[in-house]
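The values are calculated or read from the model by the stated rules, or taken from the named source; none is laboratory data. Fair warning: this is a prediction, and the values are worked out from it, not measured in the lab. All Cβ positions, even for glycine, are placed from backbone atoms using ideal geometry, and neighbour counts span all protein chains on display. Calculation scope for accessible area: heavy atoms of the full protein, side chains included, ligands and nucleic acids excluded. Shrake-Rupley method; radii C 1.70, N 1.55, O 1.52, S 1.80 Å.
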Amino acid sequence: MHQPKHQRLALVVIAVVVLIAASLIATWALRGEASLFYVPSQLVSDPPAPGRAVRLGGMVEQGSVVTRPDGVTIDFVVGDGKARVPVEYSGIVPDLFKEGSGVVADGRMQANGVFKADTLLAKHDENYVPRELQDMTAAQKQAVVEDTTK
Amino acid sequence: MIAELGLAALWLAAALAGLQLAAGALSLRTEAGDDSDLGSVVRPAAVVQGILCVFAFTMLLWLFARTDLSVKLVAENSHSMKPMLFKVAAAWGNHEGSMLLWVTVMSIAGALIALIERRLPERTMRATLAAQAFVGLGFYAFLLFSSNPFERLNPPALEGLGLNPLLQDIGLAFHPPTLYFGYVGLSVAFSFAVGALLTREVTPAFARAMRPWVLGAWIFLTVGITAGSYWAYYELGWGGWWFWDPVENASLMPWLAATALLHSASVLAARDALRAWTIMLGVIAFSMSMIGTFLVRSGILTSVHAFAVDPERGTFILALLAIYIGGALLVFALRAGSVSEGQRFALVSREGALVVNNVMLSAILGVVLLGTLYPLLTEAMGVRVSVGPPYFDPVSAIFALPMLVVMAVGPLLRWRSDRLGRVRWQLAVIGTVALAAAVAVLLLAGAGLLPSLGLVFGAALLVASVLPLKGRSLRLLPLATWGMVVAHFGIAVALLGMASESAFNQEKLAAVNVGETTQVGPWKITLERVDPIAGPNWTALEGVMSARYDGGAPIVVTPQARTFWAPPQETTESALVTRWNGQLYAVIGKEAGQGRWQLRLWWKPFVPLIWLGGLLVALGGALALVGRVATDLRRRSAQRRIAERKADAAT
């Protein structure tokens with residue numbers, strides 16, 4: 001570190017090495033830890049490994065919400081018009097969680113085929129459809145609504 | 001009429017910004033000091049622009065206060081039945097209004113620079129104001145062409161749609177403006193960086209001129225993040241204080257960049273080193289606030305609390321982002337080589353520690369940025385993912401933990417060059433505290449790896465942060481040094497709060513009958529009754545509970561489940577009991593059949609330390625800011641006295 005140029009170079013090299021390390025670690029971790037988003041038909045046709053954190057989005061089927069005797073665990077079905085996934089959740093449901101509206105659940109598939117949700121996200125807006133579901137065409141949405149209101 | 005006045009003022013302000021840019025840019029070609037040239041209109045233009053923007057924003061406030069339903073924005077975001085405070089707050093609780101607030105704050109900052117700042121060479125000053133006008137013009141265009149807050153509604157609405165009830169909260173009413181002050185402060189830092197780069201005047205004087213703005217922005221960001229975290233904690237009813245939500249990351253990333261900038265600007269101001277790096281951070285910090293705005297406003301990422309979602313606006317902000325960052329990087333590429341390199345220093349020195357801190361902060365920033373943008377990248381490839389705490393917690397910790405070590409040791413080191421041996425007894429103290437904390441954590445057991453590390457590092461930093469006070473006269477210690485000590489101490493306090501909450505948090509979820517008692521941690525809680533109650537624009541079911549800590553006197557706790565009718569929506573109002581050693585957090589849910597009510601209860605040991613720490617960090621910033629400004633004023637008046645004496649001697 002006698003020459004200012006050398007010192008500058010050393011600093012730049014250290015900074016670059018750390019930043020490259022950061023991005024490598026980050027990308028590696030992202031592969032393992034990012035939870036994939038599934039709609040029910042994907043979850044059924046190509047199920048993730050049980051226990052892997054995933055995110056499930058779809059519509060809560062009409063008439064499917066059942067509260068267990070403990071008063072705090074609910075079972076319901078999330079559908080996308082093509083497939084249906086049973087979901088179990090313990091906790092206070094978010095304010096806009098209701099039958100016939102969209103929901104996104106963070107959780108994992110269990111070996112028994114029931115999705116255990118840790119968190120339910122229902123956006124704080126009465127018009128909310130999960131953004132992941134916005135790509136569904138109007139006809140698809142209609143089908144989901146009809147399917148779930150039967 | 002009021003709306004038209006506001007709009008006219010806005011157009012005039014935009015025109016002045018155009019003049020400010022043109023005059024500032026043209027005056028760069030001429031030599032400074034020639035007052036007859038075009039450059040002399042730059043400062044007055046900035047001042048008048050500020051006044052016009054304040055006028056326009058006042059008009060918008062007035063429209064909201066009167067609930068003028070012939071204005072589209074008012075009809076969409078307000079309601080005649082709302083309390084006055086929230087009527088006014090609704091003015092900035094939406095996209096258009098908050099953009100106008102942004103432009104207003106930015107133009108006020110420009111006016112202040114034009115009025116006050118005399119330290120820099122006049123040419124650099126003009127270049128800075130021109131850069132600021134350049135940034136401002138983008139926002140004016142955004143407002144006037146795509147988000148006009150004064151747009152009329154014909155025919156007028158009969159009643160407004162109301163404000164999102166979640167936003168009807170005193171904390172949230174002031175939360176976005178706080179963050180905006182931070183973002184705008186960084187835009188000023190950006191202008192200073194570009195201005196200095198254009199005239200090649202990257203000097204300690206430049207760092208001293210820029211530093212108060214960075215400090216101010218950083219204080220607002222710190223307060224904003226702390227308040228936002230507390231708001232999410234008590235208002236969403238989930239009992240969590242940080243979710244790594246894109247909207248939260250949007251405020252964290254500029255904070256990380258501003259923290260790095262603050263430290264590198266200090267090196268530049270004190271030691272005339274890290275010139276190019278400081279400029280680069282100035283550009284990055286503002287870019288981060290633009291990226292944050294883009295993420296929040298475009299709704300491009302799924303977020304629990306994104307609002308005002310509109311792809312067209314997202315595209316507009318993206319275009320602005322590309323122009324600003326691209327432009328600044330271009331100038332940087334052309335000029336950075338000519339910014340001479342400054343003073344040398346050894347790696348073991350105050351500067352060296354600050355460089356390590358900067359690199360680590362940048363690494364954390366990169367990690368958060370990647371995690372936040374990753375869903376976008378994969379979505380482009382047709383795969384939808386969400387990235388949460390399992391990624392952010394460990395990966396940011398990898399870089400945060402070494403940074404905490406440097407934070408503990410760095411302030412003990414001397415500038416230029418030092419030996420670790422000189423501070424060996426301090427290192428021994430820090431090491432002993434860390435060891436004792438590690439033993440205590442192992443004995444308590446049960447805590448996860450990250451919370452345990454947090455407790456150990458937090459305890460060590462708590463002690464290390466006050467060590468620089470040893471052997472110095474506390475009365476004579478400069479305010480800025482006090483600021484550093486308090487801010488570092490605050491980081492340790494916040495870290496201890498986070499680690500303690502994660503390690504020892506206890507939760508109870510139950511459906512209970514009236515009269516029944518349930519338990520969480522050391523608390524016994526009895527549901528006494530459930531009352532229907534009514535507020536100004538909501539009704540609610542209120543659970544009345546009595547909570548006893550360890551058999552002590554009962555404390556009444558009243559969580560509510562509120563129903564708003566405009567717009568129709570339900571919210572959860574949690575109830576908190578704060579003790580010195582933690583917080584009881586209670587939420588009431590739905591009726592659960594057989595006369596039972598859902599209750600969710602948490603005992604969170606030492607959780608208030610998180611926000612107390614955040615406020616201490618901001619207080620440290622405020623002390624440093626006051627200290628710096630006071631020093632500058634003293635220096636300036638001393639210089640004036642010397643100049644007067646010289647003039648006297650000459651006559």
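Structural remarks
- Test for B:Met210: is it at pLDDT 90 or above and either assigned to a helix (DSSP H, G or I) or crowded, with 21+ Cβ neighbours inside 10 Å (or both): yes
- If you go through region B:47-68 and keep only what is out of contact with any Ser or Thr (no Cβ under 8 Å at 6 or more places or on another chain) and assigned to a helix (DSSP H, G or I), you end up with B:Val47, B:Val48, B:Ile51, B:Phe55, B:Thr58, B:Met59, B:Leu60, B:Leu61, B:Trp62, B:Leu63, B:Ala65, B:Arg66.
- All conditions in (1) out of contact with any helix residue (DSSP H, G or I) (no Cβ under 8 Å at 6 or more places or on another chain); (2) in a strand (DSSP E or B); (3) under 24 Å from B:Thr572 (Cα atoms) hold for A:Pro94, with the sole exception of (2).
- Among the residues making up region B:216-244, a single one is without any contact (Cβ under 8 Å) to a residue 12 or more places away in the chain and surrounded by fewer than 20 Cβ atoms within 10 Å (Cβ to Cβ): B:Gly240.
- Flag if B:Ala322 is under 27 Å from the mean Cα position of the chain (by Cα) and either within 9 Å of another protein chain (Cβ to nearest Cβ) or open to solvent by 50 Å² or more (accessible area, probe 1.4 Å) (or both): yes
- The residue that is nearest to the other protein chains (Cβ to nearest Cβ), counting only those in region A:55-73 that are surrounded by fewer than 21 Cβ atoms within 10 Å (Cβ to Cβ) and of a type outside the set (D, E, K, R), is A:Thr67.
- Within the option set B:Val368, B:Val355, being facing another protein chain (nearest Cβ under 8 Å) and either open to solvent by less than 30 Å² (accessible area, probe 1.4 Å) or of a type in the set (S, T, N, Q) (or both) holds for one residue only, B:Val355.
- Only one of the numbered conditions (1) open to solvent by 40 Å² or more (accessible area, probe 1.4 Å); (2) touching a residue at least 40 places away in the same chain (Cβ under 8 Å) is not met by B:Ser574, and that is (1).
- Remark: A:Pro40 falls outside the filter, which requires a residue to be open to solvent by 40 Å² or more (accessible area, probe 1.4 Å) and more than 7 Å from chain B (Cβ to nearest Cβ).
- Search result, residues across region B:316-364 that are within 23 Å of B:Val423 (Cα to Cα) and of a type in the set (Val, Ile, Thr): B:Val348, B:Val355, B:Val356
- Matching residues, region B:202-214, being more than 13 Å from B:Phe332 (Cα to Cα) and either touching a Phe, Trp or Tyr at 6+ places or on another chain (Cβ under 9 Å) or of a type outside the set (Lys, Arg) (or both): B:Thr203, B:Pro204, B:Ala205, B:Phe206, B:Ala207, B:Ala209, B:Met210, B:Pro212, B:Trp213, B:Val214
- Hits in region B:445-481 - residues which are in contact (Cβ under 8 Å) with a residue 12 or more places away in the chain and over 20 Å from B:Val405 (Cα atoms): B:Gly446, B:Ala447, B:Gly448, B:Pro478, B:Leu479, B:Ala480
- All positions within region B:583-631 that are at pLDDT below 95, at positive phi and either out of contact with any Ser or Thr (no Cβ under 7 Å at 6 or more places or on another chain) or surrounded by 20 or more Cβ atoms within 10 Å (Cβ to Cβ) (or both): B:Gln594, B:Gly595
- Of everything in region B:193-206 that is in a helix (DSSP H, G or I) and surrounded by fewer than 24 Cβ atoms within 10 Å (Cβ to Cβ), the residue that is farthest from the chain's Cα centre (by Cα) is B:Leu198.
- Filter pass, B:Ser251 being of a type outside the set (D, E, K, R), within 15 Å of the chain's Cα centre (by Cα) and either at pLDDT 90 or above or part of a loop (DSSP other than H, G, I, E, B) (or both): yes
- Pair list, Cβ < 6 Å and 6+ apart or interchain, from region B:313-336 residues that are over 20 Å from B:Thr128 (Cβ atoms) to residues that are open to solvent by 40 Å² or more (accessible area, probe 1.4 Å): B:Gly314/B:Ile300
- Restricting region B:375-407 to residues that are surrounded by 20 or more Cβ atoms within 10 Å (Cβ to Cβ), touching a residue at least 12 places away in the same chain (Cβ under 8 Å) and within 13 Å of A:Phe37 (Cβ to Cβ), the residue that is farthest from the other protein chains (Cβ to nearest Cβ): B:Pro375
- B:Pro254 buried (at least 24 other Cβ atoms within 10 Å of the Cβ), farther than 23 Å from B:Val359 by Cβ and touching a Ser or Thr at 6+ places or on another chain (Cβ under 6 Å): no
- Criterion violated by B:Ser40 - all others in (1) open to solvent by less than 60 Å² (accessible area, probe 1.4 Å); (2) in contact with a Leu (Cβ under 8 Å, 6 or more places away or on another chain); (3) within 23 Å of B:Ala133 (Cα to Cα); (4) not acidic (Asp, Glu) satisfied: (2)
- Strands (runs of 3 or more DSSP E) wholly inside region B:562-651 containing at least 1 residues that are of a type in the set (Ser, Thr, Tyr): B:568-573, B:575-579, B:582-591
- Answer residue from region A:77-118, given it is away from chain B (no Cβ under 14 Å) and closer than 20 Å to B:Ala511 by Cβ and is most open to solvent (accessible area, probe 1.4 Å) among those: A:Lys116
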